[in-house]
Amino acid sequence: MTKSKVYVFNTALKYRKGTWRRIEIKGDQTLGDLDGIIREAFNHDDHHLSEFFSGRVWNSNSLGVIEPDGSGSGDKKKIDELELVKGSAIEYVYDFGDDIQHVIKLEKIVEPVAGAKYPRITSKNKTRNRYCVSCKKIQKKSVATWICMDCTEEERKQVLLCEDCLEDEHEDHYAEELLS
Ligand SMILES: [Zn+2]
Ligand SMILES: [Zn+2]
C-alpha cells in the first residue's frame, strides 16, 4: 500500500486575506475532515451548512455540501479525488446566510510526518492588536474585538470596535467577532 501524501493548504478568508490558516490533510482523508478542521481553525460554530466549490463560490461546480453533523454530499469525497496540483485553489463557504467565503490554495504536497495526527493546523497569520475606531476618536486606545459588518459595508473600510462601543453605538447592527 502506498502511503498517503499530505496536502498543505493555505486557507484564507476571501474578503479578509490577512486572516489565514495553514492546514495539512492527508490525501485519503475527506472533505468532511477538511470541513471539520476549517470550522475549528476559524472558530465557526457547528450550526450551519457549508459547501466546497471547484472554483468561485456559487459560480463553479459544487464539490459537496457538509451538514452541521458532518454528513452530506461531500463528506466522503477524498482529497486525492480532487486531483489538485500545486497552486490550484478550491473555495469554501460557511453558512449560506452569512456567506463566509474562504479560498483554499494548495501550496505543496509533502510526505507525512511520522506520528503526526492529520488533519492539523500548522500555522496562522500573525496577529497584531487593532484598535477600536470609536475610542480612537476620543484619543482612547482600546483593543478591538468586533467588526461591525453593517458599518464596514457602508463606510467601505473596516469598522473595528471594542465590546463597549459595539453595545453602545451599534446595537442593532450585524457584527462579527474578530478572528485573531
Ligand atoms: Zn471603543
Ligand atoms: Zn455599526
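Assorted remarks:
Per-residue answers, yes or no, for (1) within 26 Å of residue 5 (Cα to Cα); (2) in contact with a Leu (Cβ under 8 Å, 6 or more places away or on another chain); (3) modelled with pLDDT of 95 or more; (4) among the hydrophobic types (A, V, I, L, M, F, W, C):
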| residue | (1), (2), (3), (4) |
| --- | --- |
| 58 | no, no, yes, yes |
| 74 | yes, yes, no, no |
| 96 | no, yes, no, yes |
| 108 | yes, no, yes, no |
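- Extreme residue, nearest to ligand 1 (Cβ to nearest atom), among residues of segment 142-162 that are assigned to a helix (DSSP H, G or I) and open to solvent by less than 90 Å² (accessible area, probe 1.4 Å): 151
- The one condition in (1) closer than 27 Å to residue 126 by Cα; (2) in a helix (DSSP H, G or I); (3) without any contact (Cβ under 8 Å) to a residue 24 or more places away in the chain that residue 39 fails to fulfil: (3)
- Within segment 128-141, the residues that satisfy the criterion of being away from ligand 2 (no atom under 14 Å from the Cβ) and either in a loop (DSSP other than H, G, I, E, B) or under 19 Å from residue 100 (Cβ atoms) (or both) are 128, 129, 130, 138, 139, 140, 141.
- Any chance residue 152 is away from ligand 2 (no atom under 16 Å from the Cβ) and either at pLDDT below 95 or not assigned by TED's automatic domain parsing to the domain that holds residue 87 (or both): no
- Test: residue in segment 102-116 that is part of a helix (DSSP H, G or I) and surrounded by 14 or more Cβ atoms within 10 Å (Cβ to Cβ): no
- Within segment 87-99, the residues that satisfy the criterion of being in contact with a strand residue (DSSP E or B) (Cβ under 9 Å, 6 or more places away or on another chain) and either of a type in the set (Gly, Ala, Ser) or open to solvent by less than 30 Å² (accessible area, probe 1.4 Å) (or both) are 87, 88, 89, 90, 91, 92, 93, 94, 95.
- Residues of segment 59-86 classified as surrounded by 13 or more Cβ atoms within 10 Å (Cβ to Cβ), of a type in the set (A, V, I, L, M, F, W, C) and assigned to a loop (DSSP other than H, G, I, E, B), total: 1
The values are calculated or read from the model by the stated rules, or taken from the named source; none is laboratory data. Computed from a prediction, not measured in an experiment: that's the story for all the values here. As a convention, Cβ positions derive from the backbone with ideal geometry for all residues, glycine included, and neighbour counts pool all protein chains shown. What goes into the accessible areas is simple: the full protein's heavy atoms, side chains included, and nothing from ligands, DNA or RNA. Shrake-Rupley method; radii C 1.70, N 1.55, O 1.52, S 1.80 Å.
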